[in-house]
Amino acid sequence: MLWSVYSLRNLWARRVTTLLTLSGLGLVVFVFVAILMLAHGLEQTMGRTGDPSNAILLSKGALSEIESSLSRDQTGVLAAQPEVVTLADHQVAAVREIALQLTLRKRERGSLASLSVRGSSPVAFAVRPRLRIVQGRAWQPGTTEVIVGSQVARQFPEARLAETLRFGRREWTVVGIFEAEGSGFDSEVWGDVDQMMTTFHRTAFSSMTLRLADPEVLPAFKARLERDPRFKVSVKREPEYYEGKAEGLARLIRVTGLFLTVVFSVGAILGATMTMSASVAHRTTEIGTLRTLGFTRGHILQAFMLESILLSLAGGLLGVAGAALLNRVTISTVNWDTGAELAFGFHLTPGMVGEGLLFAVFMGLICGLVPAARAARIEIVHALGERTA
Amino acid sequence: MGDPVVSLHNVTKTYIRGGTEVSVIRDLSFVIPAGTFLAIMGPSGSGKSTLLNVMAGIDRPTSGSVVVAGTRLDQLSEGEMARWRARHIGYVFQTYNLIPVLTAAENVELPLALTHLTRRERAEHVKTALRLVGLGDRMDHYPRQLSGGQEQRVGVARAIVSDPTMILADEPTGNLDRESADDILTLLARLNRELGKTIVMVTHDPRAAERAQMIRHLEKGLLEMPP
């Protein structure tokens with residue numbers, strides 16, 4: 001108890017140095033936690049895209065919808081599988097879609113942006129029940145009406161309700177804005193599949209998504225379809241497919257982030273080591289006094305290590321608090337795996353708070369070790385001023 | 001006078017300085033009986049502080065045996081020596097050496113952190129020690145809020161709080177004005193007289209030495225024995 005008071009008061013006594021040092025350590029923890037939050041936010045956005053009850057079918061060998069091609073005949077047979085849910089109007093819960101990546105010139109600043117466009121059909125709402133229209137209405141089949149995800153509406157002024165988007169040499173009227181629980185669909189524009197196929201001279205679909213009556217049957221369903229020589233398709237659970245599409249970007253964020261964290265932490269650790277070393281030098285007589293009173297070398301080591309850990313922990317708390325301010329902040333960037341603009345947010349979890357603080361303690365251990373060992377090694381008579389007379 | 005608390009036999013302490021061997025204490029042998037208030041006098045460089053450090057177990061002799069409170073110090077390990085110091089030695093420094101970030105009470109409590117006393121027992125001991133030195137009303141003051149004389153009285157309270165076998169004082173009045181110095185010497189004399197504490201004080205001030213029961217002079221590492 002007295003030891004902790006001693007360490008804390010010493011940090012407070014040198015509060016300007018303490019504050020500067022813990023700011024350095026805090027910055028490292030901030031970067032570390034922010035990167036974890038960003039990568040997690042991305043994975044969560046992609047993981048939320050799609051429904052675990054759905055299976056997405058692509059042509060064999062295609063890694064994404066953009067590369068995939070399924071013929072109208074093929075999809076007709078595939079939709080008729082017994083595992084697929086039959087809706088109230090006797091329609092099967094299967095949606096055939098085309099996926100397009102378009103480059104759009106933003107009207108306000110004239111900059112180019114990549115946009116994901118999906119040609120779909122109204123059954124998509126039955127296949128993906130978590131998706132809801134928050135403003136306006138759904139598109140009318142056979143028209144050039146579109147609905148846009150909430151993130152698209154936020155980023156493109158021309159994609160607001162009743163505005164018109166220009167692509168494929170046609171004008172598309174925005175009649176609705178939808179939300180898909182912060183998933184990747186929020187960064188897409190949806191419209192009538194037939195209109196889109198005509199506009200872009202497509203004869204084949206990109207993918208087909210099927211809602212299964214029992215999600216548990218997916219492995220068997222997948223095995224059966226992929227083995228069937230008639231189809232040449234690959235089957236994936238829908239969220240797994242979308243998660244896989246962000247793997248590259250998530251890895252890039254993590255690697256860059258960890259690199260930055262390591263570089264920053266070397267600087268911060270050196271700074272904190274110097275602070276602790278100065279503290280030891282400044283308190284040599286104090287160390288000699290404590291040793292004279294009967295405190296062992298171990299006690300001295302412990303006191304300075306505790307001080308270093310408390311310093312780092314305070315920095316860690318500052319860093320985590322700073323990172324917490326980013327929680328729910330949304331950024332938009334190009335997903336390298338798809339080439340499309342994707343909006344996702346920083347997302348803080350209790351686990352990340354723990355990891356951030358643990359990382360801070362780890363830095364505290366590293367930067368305290370050398371000064372604390374030096375403090376513990378000081379000879380009492382030298383510490384008290386080499387009084388040999 | 002009781003049994004010997006300190007017993008030095010042929011103690012020598014040499015240092016190597018600039019490649020030359022310098023003898024600070026030479027072949028010193030003497031005993032200090034329990035309950036003695038001894039003043040060791042001598043000019044600067046006579047070896048008096050080194051002698052005190054050897055008796056306190058914070059420095060080791062180059063040769064000879066040092067027995068204090070029944071323990072042969074030159075045979076103890078570093079850790080054993082620290083534990084022994086905590087149990088048997090109360091040390092009063094010339095420059096008080098209080099920890100600036102701790103209050104008077106916390107400074108006095110420091111040696112008790114090495115005991116198994118409960119928090120309440122520690123608080124009781126601290127209160128008693130500070131009252132004994134006349135600072136019962138300054139418990140929560142930081143060293144910077146105290147005068148030099150008061151700081152040294154806290155230093156004395158810290159030295160006696162764990163009820164050590166012996167109090168060693170290195171120039172305890174060296175940094176004090178006459179009045180404060182007298183207060184400290186009166187306090188040390190009282191501790192010796194009323195509580196029977198063995199006190200060894202190093203000083204170069206004859207007026208301070210006069211307050212002790214016994215004075216020994218150290219000259220060039222050799223103790224001048226009484227005629």
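Throughout, read-outs are computed from the coordinates displayed, never taken from laboratory work. These numbers were taken from a predicted model, which means no experiment stands behind them. All Cβ positions, glycine included, derive from the backbone under ideal geometry; neighbour counts span all protein chains shown.
At 7 Å along Cα-to-Cβ for each site, give me the label-to-label distance between A:Ala204 and B:Thr62 in nm.
Once both label points are built, they end up 9.6 nm from each other.
For segment A:280-345, just say rounded, prolate or oblate: build the C-alpha gyration tensor, square-root its eigenvalues into a ≥ b ≥ c, call rounded for a/c under 1.5, and beyond that prolate if a/b exceeds b/c, oblate if not. List each step's numbers first, then the result.
Working: a/c = 5.78, a/b = 4.42, b/c = 1.31.
Because a/c hits 1.5 or more and a/b exceeds b/c, segment A:280-345 counts as prolate.
Angle, helix A:247-282 long axis vs. longest principal axis of chain A, Cα atoms, 0 to 90°, nearest 10?
Between the helix axis and the principal axis of chain A, the angle is about 10 degrees.
Please list the three semi-axes, largest first and in whole Å, of the ellipsoid equivalent to segment A:54-211, using sqrt of 5 times the eigenvalues of its alpha carbon gyration tensor.
On the way: eigenvalues 137, 61, 38 Å².
For segment A:54-211, the semi-axes come out at 26, 18, 14 Å.
Please order B:Asp27, A:Asp73 by the number of other Cβ within 10 Å, starting at the fewest.
Values: B:Asp27 14, A:Asp73 8.
So the residues, fewest neighbours to most, are A:Asp73, B:Asp27.
Taking just the alpha-carbon atoms of segment A:162-220, what radius of gyration and Dmax come out, in angstrom?
15.6, 46
Placing unit charges on C-beta atoms (Lys and Arg positive, Asp and Glu negative, everything else neutral), compute the dipole magnitude of chain B about its Cα centre in debye, rounded to 20. List each step's numbers first, then the result.
On the way: 26 positive and 26 negative charges, 50 e Å.
Result for chain B is approximately 240 debye, rounded to the nearest 20.
For segment A:54-211, with the dipole built from +1 on Lys and Arg beta-carbon atoms and -1 on Asp and Glu ones, taken about the Cα centre, which of A:Phe167, A:Gln81, A:Ser120 lies farthest toward the positive end?
The Cα lying farthest towards the positive end belongs to A:Phe167.
Between segment A:78-130 and segment A:231-308, what's the alpha-carbon centroid distance in Å?
Here the answer is 45 Å between Cα centres.
Can you pull out the GluC sites (Glu not before Pro) in segment B:144-227 whose DSSP state is coil and whose Cβ has at most 13 other Cβ atoms within 10 Å? Before the final figure, lay out the partial values.
Working: sites: B:Glu151, B:Glu179, B:Glu194, B:Glu210, B:Glu219, B:Glu224; in loops: B:Glu210.
Within segment B:144-227, the qualifying GluC sites (Glu not before Pro) (loop, at most 13 other Cβ atoms within 10 Å) are B:Glu210.
Roughly how tilted is helix B:148-160, in degrees to the nearest 10 and between 0 and 90, from the longest Cα axis of chain B?
Orientation of helix B:148-160: about 80 degrees from the principal axis.
What is segment A:37-82 by shape, rounded, prolate or oblate, if you read a ≥ b ≥ c off the alpha carbon gyration tensor as root eigenvalues and call it rounded for a/c under 1.5, prolate for a/b larger than b/c, and oblate otherwise? Working shown, then result.
Values: a/c = 4.52, a/b = 1.96, b/c = 2.31.
Verdict is oblate for segment A:37-82.
Starting from the amide H of B:Thr36, placed 1.01 Å from N in the peptide plane, find each other amide H under 5 Å away whose residue is 5 or more places distant or on another chain.
B:Ile199
Against the longest alpha carbon principal axis of chain A, how many degrees, from 0 to 90 and to the nearest 10, is the axis of helix A:2-13 turned?
Helix A:2-13 sits at roughly 80 degrees to that axis.
Please compute the average number of Cβ atoms from other chains found within 10 Å of each residue's Cβ in peptide B:82-89. Spell out each step's value before the answer.
On the way: counts 11, 2, 1, 7, 5, 1, 1, 3.
The mean count of partner-chain Cβ atoms within 10 Å per residue comes to 4.
Any idea how far apart B:Arg72 and A:Arg377 come out in nm if each label point goes 7 Å out from Cα toward Cβ?
3.1
Order these by the 10 Å Cβ neighbour count, fewest first: B:Met166, B:Met201, A:Met196. Provide the component values of the computation, followed by the final result.
On the way: B:Met166 22, B:Met201 29, A:Met196 26.
In increasing order of surrounding Cβ atoms, one gets B:Met166, A:Met196, B:Met201.
Ranking B:Met214, A:Met352 by Cβ neighbours within 10 Å, fewest first, what do you get? Before the final figure, lay out the partial values.
Details: B:Met214 15, A:Met352 21.
Result, fewest neighbours first: B:Met214, A:Met352.
Compute the Rg/Rh shape ratio of segment B:94-212: radius of gyration over Kirkwood radius, all on alpha-carbon atoms. Don't skip to the answer; put the middle values down first.
Details: Rg = 13.6 Å, Rh = 14.3 Å.
My calculation puts Rg/Rh at 0.95.
Is it possible to state the helix-based mean residue ellipticity at 222 nm for chain A, with each DSSP H run of 4+ residues giving -39500 (n - 2.57), the sum divided by total residues, to the nearest 500 deg cm²/dmol? What is it? Walk me through the numbers on the way to the answer.
Numbers: 13 runs with 195 residues, N = 389.
That comes out to -16500 deg cm²/dmol.
Could you work out, residue by residue across B:98-108, how many beta carbons of other chains sit within 10 Å of that residue's beta carbon, and then give the average as an integer?
Mean partner shielding for this stretch: 4.
With Rg and the Kirkwood Rh both taken from Cα atoms, where does Rg over Rh land for chain A?
On the way: Rg = 29.8 Å, Rh = 24.6 Å.
Computed over Cα atoms, the ratio is 1.21.
Can you quote the Å³ per residue value for the convex hull of the Cα atoms in chain B, rounded to an integer? Intermediate results must be reported in sequence, preceding the final value.
Details: hull volume 30.6 nm³, N = 227.
That works out to 135 Å³ per residue.
Which of the aspartates and glutamates could a cross-linker bridge to A:Lys236, judged by Cα under 16 Å and excluding same-chain residues fewer than eight apart?
A:Asp51, A:Glu65, A:Glu67, A:Glu83, A:Glu97, A:Asp214, A:Glu216, A:Glu226, A:Asp228, A:Glu247
Per-residue Cβ counts within 10 Å, from other chains only, averaged over B:109-116: what number is that?
On the way: counts 2, 8, 5, 1, 9, 5, 1, 0.
Counting other chains' Cβ atoms within 10 Å and averaging over B:109-116 gives 4.
For a Förster distance of 25 Å, can you work out the FRET efficiency between the beta-carbons of A:Gln101 and A:Val263, rounded to the nearest 0.05?
Details: r = 35 Å, r/R0 = 1.38.
Efficiency at R0 = 25 Å is approximately 0.15.
Using a/c under 1.5 as the rounded threshold, could you call segment B:142-190 rounded, prolate or oblate? The axes a ≥ b ≥ c are square roots of the C-alpha gyration tensor eigenvalues, and prolate needs a/b larger than b/c, oblate otherwise. Intermediate results must be reported in sequence, preceding the final value.
Values: a/c = 2.06, a/b = 1.29, b/c = 1.60.
Oblate, because a/c is 1.5 or more while a/b does not exceed b/c.
Between B:Ile25 and residues 5 or more places away or on another chain, which pairs have amide H atoms under 5 Å apart, with H built 1.01 Å from N, and which residues are they?
Hits under the 5 Å cutoff: B:Lys13.
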